[in-house]
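Novice: Below: one structure in structure tokens.
The values are calculated or read from the model by the stated rules, or taken from the named source; none is laboratory data. The model shown is predicted, which means the values in this text are computed figures rather than measured ones. Reconstructed Cβ throughout: ideal geometry from the backbone, glycine too, with neighbour counts over all protein chains shown.
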Amino acid sequence: MRRPLTIAAVLLAALMAYGLYNMKYEVKGLEGRLTELNHQLLEQEEAIQVLRAEWSYLNRPARLQRLARRHLELAPVSVHGIEALATVPLTISSRPRSTPPTMLPRNKPIRPARASKAALKERRQSR
């Protein structure tokens, strides 16, 4: 009776040693994966900091004002372009449109046509 009990104990000890061995290497693999993920996390946080710094640099008010002056061609609104609310018709026309609206591509900005210098001068003189 002692012999089968001893054999069972030795087998149980061998199974436990094998399980412990497997668990040890599984934990080592998981620790390596954790280290790799932590390294990636640090790299991504550094990249986010760089992007935030670049965003701050690109959104400086002086730079944006210079770009707006160069590309937007904005002008102050003249008093002649403002109308009283009473002059604006508030009824909606029930007639359907004669032509459907034009579909424009979204990736190209639309620039208004520029008036010639002579036409602008003529407009100013007529006021």
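Matching residues to (1) at pLDDT 80 or above; (2) exposed (fewer than 10 other Cβ atoms within 10 Å of the Cβ):
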site: Ile7; (1), (2): yes, no
site: Met16; (1), (2): yes, no
site: Asn59; (1), (2): yes, yes
site: Arg63; (1), (2): yes, no
site: Ile92; (1), (2): no, yes
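Novice: Among (1) surrounded by 10 or more Cβ atoms within 10 Å (Cβ to Cβ); (2) in a helix (DSSP H, G or I), there is one condition Glu73 misses while meeting the rest; what is its number?
Specialist: Single failed check for Glu73: (2).
Novice: In region 6-28, is there at least one residue being under 37 Å from the mean Cα position of the chain (by Cα) and in a helix (DSSP H, G or I)?
Specialist: No: region 6-28 contains no residue that is under 37 Å from the mean Cα position of the chain (by Cα) and in a helix (DSSP H, G or I).
Novice: Can you tell me which of Glu46, Glu26, Glu54, Glu83 is modelled with pLDDT under 95 and among the acidic types (Asp, Glu)?
Specialist: Exactly one of Glu46, Glu26, Glu54, Glu83 is modelled with pLDDT under 95 and among the acidic types (Asp, Glu), namely Glu83.
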